[in-house]
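A.B. asks: Here's a structure for you.
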Amino acid sequence: MKQLFAISLVFGLFCINPMIAKTKTKAIKNKLEFSTAIFTNNRDTVYIDLKNDPDFKFVNNLRWFQDPELALFGIKKKSGELFIEPLFHQIESFVDNISIVTFEGYQGAINDKGEVVIPYIYEELQTSSENRIAFFEGGLWGFFDTNGEKIIPATYEYVGNFSEGLALASKNNLFGYINPLGKIIIPFQYDYASNFEDGQAQVEAKFKAFTINKRGIKISD
């Protein structure tokens with residue numbers, strides 16, 4: 001689901017206590033300000049050659065670079081003008097004008113103006129799909145919009161990408177489909193299910209596999 005370019009990948013899921021999250025956010029903010037101040041020195045930078053790697057090409061003539069002493073990534077314009085300070089251990093490509101970024105193992109999101117829209121306190125965020133960003137919190141999944149508003153609370157054991165206006169989700173080990181506002185469109189009743197493509201999805205219930213449409217009606221075996 002994610003297109004990643006990282007120094008390291010972090011595994012494991014856990015719940016973040018709100019007080020810990022608040023303290024962590026303050027500490028991160030202080031460290032980011034420190035990193036920004038350090039970067040004002042005119043030291044050489046290492047550019048990432050993305051010419052032959054379409055998975056990591058940015059739009060609008062932007063490109064990643066790495067500060068060799070900080071070992072952190074930022075973004076510069078093609079002209080060499082600084083666009084985003086080197087503050088991150090990982091930066092993803094922009095999708096829906098949003099990039100998922102990682103700092104000290106925590107993930108957040110920035111927009112194409114370089115503004116933080118989701119703070120760096122989450123174990124995992126998924127790449128935006130149809131302007132919805134899945135987040136993991138307290139052992140469950142929910143969705144932000146691209147403005148950083150929690151549109152769908154973390155109530156699902158699993159969520160997929162939004163596709164054709166619906167996202168696959170699971171509760172109590174059963175799969176169903178929700179819309180971008182979190183309304184259940186097709187009940188949680190399948191043992192297996194796929195994302196919708198061309199108005200159809202493959203599902204399985206009680207060891208029987210079949211195809212449904214976006215209203216949950218069986219259309220073929």
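Just so it is clear, none of the values below were taken in a lab; they were calculated from the coordinates. On a predicted model such as this, the values are computed, not experimentally measured, just so you know. Cβ atoms come from the backbone with ideal geometry, glycine included; neighbour counts cover every protein chain shown.
A.B. asks: At R0 = 35 Å, how high is the FRET efficiency between R215 and S79 if r is their beta carbon distance? Nearest 0.05 is fine.
C.D. replies: Values: r = 51 Å, r/R0 = 1.46.
E between R215 and S79, to the nearest 0.05, is 0.10.
A.B. asks: Also, I was wondering about something else. With each pseudo-label sitting 7 Å past Cα toward Cβ, what's the L181-E164 distance in nm, one decimal?
C.D. replies: 2.2 nm
A.B. asks: Okay, next question. Once you have the Cα-Cα distance between N173 and K208, take 0.36 nm times their residue separation minus that, and quote the gain in nm to one decimal.
C.D. replies: Using 0.36 nm per residue and subtracting the Cα-Cα distance, I get 10.9 nm.
A.B. asks: What nm distance separates the two modelled labels at V95 and N195, each placed 7 Å from Cα along Cα→Cβ?
C.D. replies: 0.7 nm
A.B. asks: Using only the Cα atoms of segment 101-146, build the gyration tensor, take square roots of its eigenvalues as a ≥ b ≥ c, and label the shape rounded, prolate or oblate: rounded if a/c is under 1.5, else prolate if a/b is larger than b/c, else oblate.
C.D. replies: Since a/c reaches 1.5 but b/c is at least a/b, the shape of segment 101-146 is classed as oblate.
A.B. asks: May I ask you to list the aspartates and glutamates whose Cα is less than 12 Å away from that of K218, ignoring any residue fewer than eight positions away on the same chain?
C.D. replies: Within the straight-line limit of under 12 Å, K218 reaches these aspartates and glutamates: E204.
A.B. asks: Further question on the same structure: Can you work out D for segment 93-221 in µm² s⁻¹ from Stokes-Einstein, where Rh is the Kirkwood radius over C-alpha pairs, the temperature is 10 °C and the viscosity is 1.306 mPa s? Don't skip to the end; give the middle numbers.
C.D. replies: Values: Rh = 15.2 Å.
Estimated via Stokes-Einstein, D reaches 104 µm²/s.
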